[in-house]
Amino acid sequence: MATIAMKFGGTSVADIERIRHVATLVKREVERGNQVAVVVSAMAGETNKLVAWTNEAAHGGNNLAIPDQREYDVVVAAGEQITAGLLAITLNAMGVKARSWLGWQVPINTSAVHGSARIEGVPATDMKRAIENGEVAVVAGFQGVAPGTRISTLGRGGSDTSAVAVAAGIGAARCDIYTDVDGVYTTDPRIVPKARRLEKIAYEEMLEMASLGAKVLQTRSVEIAMLHRVPTRVLSTFTPDVGGTLLCDEEDIVEKKPVTGIAYSRDEAKITLHKVPDRPGVSAAIFGPLADAGVNVDMIVQNVSEDGETTDLTFTCTRGELTRALAAIETHAKDIQYRAVTHTADVAKVSIIGIGMRAHPGVAQLMFRTLADKGINIEVISTSEIKVSVLIAEEYVELAVRALHSAYELDAA
Ligand code: ADP
Ligand code: ASP
Ligand code: MG
């Protein structure tokens, strides 16, 4: 007998019929003699609807920051409460003893950063006892409790993180993430039909894939899986007995190709400051106020000064942070002394990822050549030990991902 955690995403619980199907998968694990905690997302589309309502209430629908993020969390956490209750009702109706657990009841303790809180601990004493007594625990994903007993949420896609944290908290033998694809692919199978499923992926690679845009797992869930050594698998709710991808240690991967996967993110915006003085302290004058405004600057490029006096500086952030970033720059215009500022959200980031890159020189060159052959201009480049990212015009994302997928010989036969 083992204790296991199972997680079902939005499309897996999209209606009552699918919830019933999910219940049969849970029942099957119980009948195998396992003790089970199930983590559920909101029904597909529900969270988007709730987010839109908060915007409408605050700004008549304009997509600005919600004045009080704590109330945003109260609203958007509601979708998971509904599915947790519905799955518990369905399981009981099938003769499987179950009860729902909301974030505050588990408790899933989080930081006070509402809207993107970090899980700080999952004591789960009562829940663990209930599981040991043979009751299935159905946990509402995505939500937790912040200091002061306020409801918090973990950022979009956060139910993955709830699942891995619950698995770690109850000492589960494994965490199975059920979704609408049967594993982690070399790239998003929705845009590259020739993408291949990976049997295994190293935690480090999955971490990069997730943080560079592959939304199959939330980045933080991979961090927790890696930190607490939770054996984590990605599986399909609809074909649960085939495929799957296991997250594992780098050493467990025998064949280390230079590139394992390709990720893309459309959630990018680019800001250029023209003719800023080329002297010490300028970067600090720019990035200090941005940090204070809570803007996460990602890629940065500073041009060589043509006249020795001024230079252009470009950086990227998420689209949601663009308005805040421009406001911070304008507020500090006097200190920064730029001549003009331009911005665009018509950009996207494409990244190649692979632990094999460490041992294979010249990996980036093939990326640049492939994009050049397609006539795609690279606006900004950033690299780390196991990834290369480029910023390109958004209209070329799919072309770029497909071309790179073929160039790195990732296409399925
Ligand atoms: P869930 O609602 O189950 O959490 P998500 O929509 O958040 O599901 O994540 C699954 C989706 O992630 C897939 O439908 C797929 O389009 C997308 N995806 C992006 N990159 C990858 C990848 N490399 N491998 C598998 N799926 C990916
Ligand atoms: N329902 C939340 C979202 O749509 C959390 C999740 O599904 O993981 O972002
Ligand atoms: Mg998800």
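The values are calculated or read from the model by the stated rules, or taken from the named source; none is laboratory data. Note that the structure is predicted; figures quoted are calculated from it, not measured. We place every Cβ from the backbone using ideal geometry, glycine too, and count neighbours over all the protein chains shown.
Quick notes on this one:
- Residue check for residue 229: within 13 Å of ligand 1 (Cβ to nearest atom) and outside any helix (DSSP H, G or I): no
- Taking the criterion of being part of a strand (DSSP E or B) and farther than 29 Å from residue 367 by Cα, the residues of the range 232-283 that qualify are 232, 233, 235, 236, 275, 276, 277.
- The range 225-241, residues that are aliphatic (A, V, I, L, M), surrounded by 15 or more Cβ atoms within 10 Å (Cβ to Cβ) and more than 15 Å from ligand 3 (Cβ to nearest atom): 226, 230
- Filter pass, residue 163 being closer than 19 Å to residue 235 by Cβ and away from ligand 2 (no atom under 16 Å from the Cβ): no
- Just one of the listed residues (242, 234, 276, 222) is more than 16 Å from ligand 1 (Cβ to nearest atom) and not charged (D, E, K, R), and it is 276.
- Qualifying residue in the range 202-219 (condition: touching a Phe, Trp or Tyr at 6+ places or on another chain (Cβ under 7 Å) and within 20 Å of residue 116 (Cβ to Cβ)): yes
- Residue match in the range 164-181 (condition: in contact with a Leu (Cβ under 6 Å, 6 or more places away or on another chain), within 16 Å of ligand 1 (Cβ to nearest atom) and assigned to a strand (DSSP E or B)): yes
- Being under 20 Å from the mean Cα position of the chain (by Cα), touching a residue at least 24 places away in the same chain (Cβ under 8 Å), in a loop (DSSP other than H, G, I, E, B) and surrounded by fewer than 17 Cβ atoms within 10 Å (Cβ to Cβ) is a property that residue 112 has.
- Cβ separations smaller than 7 Å between residues 6+ apart or across chains give the following pairs from the range 190-218 residues that are more than 16 Å from residue 258 (Cα to Cα) and assigned to a helix (DSSP H, G or I) to residues that are among the polar types (S, T, N, Q) and within 16 Å of ligand 2 (Cβ to nearest atom): 207/219; 210/218; 210/219; 211/219.
- Residues satisfying the stated conditions in the range 187-206, i.e. of a type in the set (A, V, I, L, M, F, W, C) and within 20 Å of residue 248 (Cα to Cα): 198, 201, 202, 206
- Within the range 283-310, residues that are farther than 14 Å from residue 380 by Cα have Cβ atoms under 7 Å from residues that are of a type in the set (D, E, K, R) and assigned to a loop (DSSP other than H, G, I, E, B) in these pairs: 305/278; 308/278; 309/278; 310/278, counting only partners at least 6 apart in sequence or on another chain.
- Filtered residues of the range 251-285 (kept if more than 27 Å from residue 342 (Cβ to Cβ), in contact with a Leu (Cβ under 9 Å, 6 or more places away or on another chain) and of a type outside the set (A, V, I, L, M)): 252, 257, 258, 260, 261
- Where a residue in the range 346-361 is in a loop (DSSP other than H, G, I, E, B) and its partner, wherever it lies, is hydroxyl-bearing (Ser, Thr, Tyr), with Cβ under 8 Å and at least six apart: 354/260
- Some residue of the range 196-211 being within 16 Å of ligand 3 (Cβ to nearest atom) and more than 20 Å from the chain's Cα centre (by Cα): no
Residue-wise test of (1) more than 13 Å from ligand 2 (Cβ to nearest atom); (2) modelled with pLDDT of 95 or more; (3) under 17 Å from residue 29 (Cβ atoms); (4) under 18 Å from the mean Cα position of the chain (by Cα).
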| site | (1), (2), (3), (4) |
| --- | --- |
| 139 | no, yes, yes, no |
| 145 | yes, yes, no, no |
| 157 | no, yes, no, yes |
| 171 | yes, yes, yes, no |
| 188 | yes, yes, no, yes |
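- Put simply, of 253, 271 the only residue that is among the aliphatic types (A, V, I, L, M), touching a His at 6+ places or on another chain (Cβ under 7 Å) and crowded, with 17+ Cβ neighbours inside 10 Å is 271.
- Residue 68, sole failed condition from (1) within 21 Å of residue 153 (Cβ to Cβ); (2) touching a Pro at 6+ places or on another chain (Cβ under 8 Å): (2)
- Scan of the range 125-140 for residues that are under 19 Å from residue 83 (Cβ atoms) and either assigned to a loop (DSSP other than H, G, I, E, B) or within 14 Å of ligand 3 (Cβ to nearest atom) (or both), ordered by number: 135
- Of residues in the range 141-158 being within 15 Å of ligand 3 (Cβ to nearest atom) and assigned to a strand (DSSP E or B), the one farthest from residue 123 (Cα to Cα): 153
- The single condition among (1) surrounded by 16 or more Cβ atoms within 10 Å (Cβ to Cβ); (2) among the aromatic types (Phe, Trp, Tyr); (3) in a loop (DSSP other than H, G, I, E, B) that residue 315 does not meet is (3).
- Checking each residue in the range 320-360 for being among the basic types (Lys, Arg) and either surrounded by 21 or more Cβ atoms within 10 Å (Cβ to Cβ) or under 28 Å from residue 408 (Cβ atoms) (or both) picks out 349, 358.
- Neighbours by Cβ (under 6 Å, 6+ apart or cross-chain): first from the range 228-243, of a type in the set (A, V, I, L, M); second surrounded by 17 or more Cβ atoms within 10 Å (Cβ to Cβ) and assigned to a loop (DSSP other than H, G, I, E, B): 234/183; 234/184; 235/244
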